[in-house]
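**Student:** This is the structure I have questions about; it appears just below.
The values are calculated or read from the model by the stated rules, or taken from the named source; none is laboratory data. Just so it is clear, the model here is predicted, and its values are computed rather than measured. FYI the Cβ positions are ideal-geometry reconstructions off the backbone, even for glycines, and counts take in every protein chain you see.
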Amino acid sequence: MLELWDLNQPTIPSRSTLYHLDLASIGTASVESLTGYITRLAESHSVYPGVLMEREIAPLVAKQYAGANLHTIYSHTCALNGTGVMASDLVQALNKLTGHNRLHLLTMLSWSKVLPSRALMRSTRAWCPKCYEEQRVNGYEIYEPLLWTLNVVKICPIHQQLLCSRCPHCHESNLPLTWRSRTGHCFKCEKWLGSSSPSSSECKDLAETELEWLVWAANAVGELIAAAPVLENEISKERVAHGLSNCAKHFSEGNIAKFSRLIQTPTNTVWLWCNGKNLPQLDALVRLCFCLRISVLELLTQDVIKITDSSVRLLPKSCQQRKHRAAIKLVNHEQVRSQLEKVLLDHKLPPPSLEATARDLGYHRETLNRNFKDLCRAISTQYDQYERVRYLNSVDKCCEEVRQVVLRLNSQSVYPSEARVSEHLTKPGHLRHKKVRGVLQETRKSLGLKK
Ligand SMILES: [Zn+2]
Ligand SMILES: [Zn+2]
């Protein structure tokens, strides 16, 4: 027998249900998006993404939003690349089906603790025709970067060209993922979207400051995306507040009003950020880091932020936030503000509702809302959270009560029907709650009683 003939059985790794396609550009600013990956995966199996989602993915997600059924999540497909549960459900299902374990890196999930989902993702598809064309000409795999799916990114940092959102052939816009999505092609007319010729999206008409800002924003977000696989520090809300407070100390000796003027943001909003009551949305974060010439990635991940230049940059006119509707004049604007801040800081139990706070201060709730939108929202949130916890506690208490009542009735040889049990409860209404009903049934079962 030939000595070279190895008779040992080769080890064959376990097979995945769907192809284990390589993830494009992982760990770089150009990593692909999850919706783009689904499209490529569907293409490799020669089916439409809609079919793949319905037949293979939906049964694993099995949720109310009809388990990844594209017809029902139609206008929310942008959330599939985002920070929420739709993205995490899909990642879990796809990891299982493809044998990957890092598909979350094709979404913004790594940043879910510090980036509010509001206005984070772009609701329609955007692309750089030159990137597509380059991928095609060079024979690379064609794919859609995650960077293009974020609202704050308006430009391709490689080609310095504004991202397109309307097909040059049919002039329609596309959703991020549709039943018949095809990489690099319009989802409506199915024509190729790549092009190397100068287009109307060229940046040559942009002012220099405008271009500087757009490229800076795209690169700053690209840095976040690239860093996702190697994050060392725990991502936390507190660090963001701490970082912002430190910036306020550095740039305005801790004077929040002065600091908010520097970053061109309303004082109330900045106060809530610095006190950890609210988190800035990604677009606000990128704007303020641009003004202060600091890195967004550092602000979100480091305890100490490098400040190399203390001069503050102005945002170009086009991206300055539109002035809010002139606030109704309050007689004592500053005084009311500090009273509202006090309500938040006092942590009174139970916390007052916004309605009660307004009554106490002698103003109409709407007037407060118009003048101090963020503070009012924070007061309402504090109240709602407390009420929610109180409700859940009372449900738990009711569960215990139900258990006792069932045991007692049974020991008196009385069948513990729902109607009888409810007569003995402090809050009979809770019997509608699934958990309470569950306890009722379980206790009966443990006594050998029929349901
Ligand atoms: Zn490009
Ligand atoms: Zn088209």
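**Student:** Residues in region 87-114 that are in contact with an Asp or Glu (Cβ under 7 Å, 6 or more places away or on another chain), at pLDDT 95 or above and over 17 Å from Trp148 (Cβ atoms): how many?
**Tutor:** Final tally of qualifying residues: 0.
**Student:** Being under 18 Å from Cys131 (Cα atoms) and out of contact with any helix residue (DSSP H, G or I) (no Cβ under 7 Å at 6 or more places or on another chain) is the filter here; which residues of region 4-29 pass it?
**Tutor:** Ala24, Ser25
**Student:** Next up: Say whether the condition of being more than 16 Å from ligand 2 (Cβ to nearest atom), out of contact with any Lys or Arg (no Cβ under 8 Å at 6 or more places or on another chain), closer than 26 Å to Gly27 by Cβ and not in a helix (DSSP H, G or I) is met by at least one residue in region 210-226.
**Tutor:** No: zero hits.
**Student:** Something else now. Go through Ser165, Ser173, Ser123, Ser117 for me and flag whichever is modelled with pLDDT under 95 and within 16 Å of ligand 1 (Cβ to nearest atom).
**Tutor:** Ser165
**Student:** Can you give me the number of residues within region 114-127 that are more than 16 Å from ligand 2 (Cβ to nearest atom) and closer than 27 Å to Leu21 by Cα?
**Tutor:** Total satisfying the criteria: 3.
**Student:** Would it be correct to say that Leu392 is part of a helix (DSSP H, G or I), over 43 Å from the mean Cα position of the chain (by Cα) and not polar (S, T, N, Q)?
**Tutor:** When the stated conditions are applied, Leu392 does not pass them.
Residues are listed down the side, and each one gets a yes or a no for (1) on the phi > 0 side of the Ramachandran plot; (2) assigned by TED's automatic domain parsing to the domain that holds Gly438; (3) not hydrophobic (A, V, I, L, M, F, W, C):
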{"position": "Asp374", "(1), (2), (3)": "no, no, yes"}
{"position": "Ile379", "(1), (2), (3)": "no, no, no"}
{"position": "Gln382", "(1), (2), (3)": "no, no, yes"}
{"position": "Asp396", "(1), (2), (3)": "no, yes, yes"}
{"position": "Arg420", "(1), (2), (3)": "no, yes, yes"}
{"position": "His424", "(1), (2), (3)": "no, yes, yes"}
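**Student:** What is the one condition in (1) within 16 Å of ligand 1 (Cβ to nearest atom); (2) on the phi < 0 side of the Ramachandran plot that Gly184 does not satisfy?
**Tutor:** (2)
**Student:** Being within 11 Å of ligand 1 (Cβ to nearest atom) and either in contact with a strand residue (DSSP E or B) (Cβ under 7 Å, 6 or more places away or on another chain) or of a type in the set (Phe, Trp, Tyr) (or both) is the filter here, so list the residues in region 127-159 that pass it.
**Tutor:** Trp127, Cys128, Pro129, Lys130, Cys131, Tyr132, Pro145, Trp148, Ile155
**Student:** Pick from region 298-321 the residues that are of a type outside the set (Val, Ile, Thr) and crowded, with 19+ Cβ neighbours inside 10 Å: which of them is nearest to Ala248 (Cα to Cα)?
**Tutor:** Step by step, filter region 298-321, then rank; the result is Leu299.
**Student:** Among the residues of region 131-150, is any more than 27 Å from Gly27 (Cα to Cα) and within 16 Å of ligand 2 (Cβ to nearest atom)?
**Tutor:** No, region 131-150 contains no residue that is more than 27 Å from Gly27 (Cα to Cα) and within 16 Å of ligand 2 (Cβ to nearest atom).
Yes/no per residue for (1) touching a Phe, Trp or Tyr at 6+ places or on another chain (Cβ under 9 Å); (2) farther than 25 Å from Asn268 by Cβ; (3) surrounded by 16 or more Cβ atoms within 10 Å (Cβ to Cβ):
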residue	(1), (2), (3)
Pro350	yes, no, no
Glu366	no, no, no
Thr381	no, no, no
Glu387	no, no, no
Pro416	no, yes, yes
Val436	no, yes, yes
